[in-house]
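**Student:** The structure is given below, and queries will be raised subsequently.
The values are calculated or read from the model by the stated rules, or taken from the named source; none is laboratory data. Everything numeric in this text was worked out from a predicted model, so none of it was measured. Cβ: placed from backbone, ideal geometry, glycine included. Neighbour counts: every protein chain shown.
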């Protein structure tokens, strides 16, 4: 939200209705100096040029979003969590949060909280917009390709012994050492040694080592390399090559896979995941959702110049987010 512009329009509304000096032609005077007089109309025309369309959209959105979404405990909790995060960050940098709020133009913490609540509501509007566009085909496709039964497994993790200050050469050497250690363990398994005993003695995953490396592998809850390494095995098989991930090298033993849950049981979860994926992959969706919502409330702009500015602000928002997306994809 462009707070300065919004304050400018608010000030303009106050000035035009406060009974200040009036010229013979009926125009309200907002400022005078030697050789020049600025009227409310002059100020209004100038503010229209300086982001009037954006400010109008923000004012409209505040109204329609508040009509659509109630300020519930989730909204308040979101705002409070964000504020606490900001406070902690400012504290860590030795800065005063209250001073930062004032410098940003906020009267106090409550004013900032209202902005965060509105931000939360805009996200909910975007989620509802995306949810309405999800079809049964989308749900079925996700179910077929991305829903799996949980896999019972065991693993041994060998992590490189290296710290953040290590050079690239030292990191590479530590990686190679960890890989060779994992390969030695696989050879011990080939000779018939017990997986669980080897996990207890060697695994760097302290959360599972004590119970022989046992864990339940759920799609989406582990790094991709670990899931793929587990999913490729058959029941009763273990990794013949170490599986590398950001944590180090894994030796995985697949015990068994549970049956895939019924679609009815996971349908709501699938919809939530599809919504989250689409919002993450398309930064224009929130803007599109708000544009649609404004239409629902029959927004009509009578000022042609302001209408043009408003339409340009929408085009700019959609184009900028698409360009940002393209740049992000290009840099991956």
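**Student:** Tell me, yes or no, whether the stretch 148-169 has at least one residue that is over 28 Å from residue 73 (Cβ atoms), more than 28 Å from the chain's Cα centre (by Cα), part of a helix (DSSP H, G or I) and modelled with pLDDT under 95.
**Tutor:** For the stretch 148-169, residues over 28 Å from residue 73 (Cβ atoms), more than 28 Å from the chain's Cα centre (by Cα), part of a helix (DSSP H, G or I) and modelled with pLDDT under 95: present.
**Student:** Quick one: would you say residue 319 is part of a loop (DSSP other than H, G, I, E, B), farther than 30 Å from residue 221 by Cα and either at pLDDT 90 or above or within 26 Å of the chain's Cα centre (by Cα) (or both)?
**Tutor:** No; evaluated as a whole, the condition is false for this residue.
**Student:** Exactly one condition in (1) within 30 Å of residue 289 (Cβ to Cβ); (2) modelled with pLDDT of 95 or more is not met by residue 187; state its number.
**Tutor:** Among (1) within 30 Å of residue 289 (Cβ to Cβ); (2) modelled with pLDDT of 95 or more, the lone unmet condition for residue 187 is (1).
**Student:** Looking at (1) over 18 Å from residue 307 (Cβ atoms); (2) modelled with pLDDT of 90 or more; (3) assigned to a helix (DSSP H, G or I), which is the only condition residue 4 fails?
**Tutor:** (2)
**Student:** Going by the conditions given, is residue 31 more than 27 Å from residue 293 (Cβ to Cβ), surrounded by fewer than 17 Cβ atoms within 10 Å (Cβ to Cβ) and within 26 Å of the chain's Cα centre (by Cα)?
**Tutor:** no
**Student:** Another question about this same structure. Output the number of residues of the stretch 105-125 satisfying the condition of being part of a loop (DSSP other than H, G, I, E, B) and surrounded by 14 or more Cβ atoms within 10 Å (Cβ to Cβ). Give the derivation first.
**Tutor:** Start the filter on the stretch 105-125 by keeping residues that are part of a loop (DSSP other than H, G, I, E, B), which leaves 105-108.
Now narrow it down to the ones that are surrounded by 14 or more Cβ atoms within 10 Å (Cβ to Cβ): 106.
Count: 1.
**Student:** Within the set of pairs 6 or more residues apart or between chains, which connect a residue that is at positive phi inside the stretch 178-189 to a residue that is surrounded by 15 or more Cβ atoms within 10 Å (Cβ to Cβ) with Cβ atoms less than 8 Å apart?
**Tutor:** If the second residue must be surrounded by 15 or more Cβ atoms within 10 Å (Cβ to Cβ), no pairs are left.
**Student:** Restricting attention to the stretch 126-142, does a residue exist that is modelled with pLDDT of 95 or more, surrounded by fewer than 18 Cβ atoms within 10 Å (Cβ to Cβ), over 22 Å from the mean Cα position of the chain (by Cα) and assigned to a loop (DSSP other than H, G, I, E, B)?
**Tutor:** Yes, because at least one residue in the stretch 126-142 is modelled with pLDDT of 95 or more, surrounded by fewer than 18 Cβ atoms within 10 Å (Cβ to Cβ), over 22 Å from the mean Cα position of the chain (by Cα) and assigned to a loop (DSSP other than H, G, I, E, B).
**Student:** State whether one or more residues within the stretch 52-72 are modelled with pLDDT under 90 and either in a strand (DSSP E or B) or touching a strand residue (DSSP E or B) at 6+ places or on another chain (Cβ under 8 Å) (or both).
**Tutor:** no
**Student:** If I ask for residues that are closer than 15 Å to residue 116 by Cβ and not in a helix (DSSP H, G or I), which ones from the stretch 78-104 would you list?
**Tutor:** Scanning the stretch 78-104 gives a single hit, 104.
**Student:** Kindly evaluate residue 181 against the criterion of being out of contact with any strand residue (DSSP E or B) (no Cβ under 9 Å at 6 or more places or on another chain) and either modelled with pLDDT of 95 or more or in a helix (DSSP H, G or I) (or both).
**Tutor:** So residue 181 does not fit the description; no.
**Student:** Of everything in the stretch 143-158, what is under 23 Å from residue 213 (Cα atoms) and surrounded by 14 or more Cβ atoms within 10 Å (Cβ to Cβ)? Give them in sequence order.
**Tutor:** 148, 150, 151, 152, 153, 154, 155, 156, 157, 158 - these are the residues of the stretch 143-158 that are under 23 Å from residue 213 (Cα atoms) and surrounded by 14 or more Cβ atoms within 10 Å (Cβ to Cβ).
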